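All remarks here apply to the structure that follows.
Bear in mind these aren't lab numbers, they're just calculated from the coordinates by the rules spelled out. Everything quoted here is computed from the prediction, not taken from an experiment. Ideal geometry is used to build each Cβ from the backbone, glycine not excepted, and the neighbour counts take in all protein chains shown.
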């Protein structure tokens, strides 16, 4: 069991009770998941109905120096209480539709958090709509842990014929393993010797 310590040492003359609650939730989320929560997740956690109200509090906390955020990248809030920030490489695109050529083109860095740096993490941009029912959309960024082999029920990244990459569920049906889309317009793909695992999809980032 992971023990979280509430951060109750903020200057109450500068930070409201609700803002302190938001800071605590952000710190917990980063410690648990390795990335910051979305605005909607913060809304739900601190019982606020309006995302604009949460954004107001976030902007206030940023201006006061408690938080930092990267422009144009969702889930990029950085808490000054979490010191284990590092970056993982974004390596081109991966298909959620027809497989794409798996060229590992470096296109940037994604801010990430964890108790220690994991050199097995990479980020890839989703291209296509075959996983929309699983909440993966075109232009989303998925983080893949190359040290974890996807098992039945996981969403993973897979290499086909050593040249094409795709992201799909993997599962066993009638003793045969398949890559399974989350869109009824696409068909299952049987796993054979031409398909290998890149790693397990462990998190998702989306511009809002």
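So, in nm, how far is label residue 175 from label residue 206 when the simple model puts each one 7 Å beyond its Cα toward the Cβ?
4.0
Given R₀ = 22 Å, what would the calculated FRET efficiency be for residue 41 paired with residue 16, taking r from the Cβ atoms and rounding to 0.05?
So the FRET efficiency works out to roughly 0.65.
Please work out the FRET efficiency for the pair residue 62 and residue 117, using the Cβ-Cβ distance as r and a Förster radius of 35 Å; give the result to the nearest 0.05.
Details: r = 25 Å, r/R0 = 0.71.
Step by step, r from the Cβ atoms, then E = 0.90.
Neighbour counts of other C-beta atoms within 10 Å: give me 42, 160, 144, 190 arranged from fewest to most.
Result, fewest neighbours first: 190, 160, 42, 144.
Using 0.36 nm per residue of separation minus the Cα-Cα distance, give me the extension gain between residue 86 and residue 109 in nm, one decimal.
So the extension gain works out to 7.3 nm.
Pop the C-beta distance of residue 183 and residue 152 into the FRET formula with R0 = 25 Å and round what comes out to the nearest 0.05.
0.80
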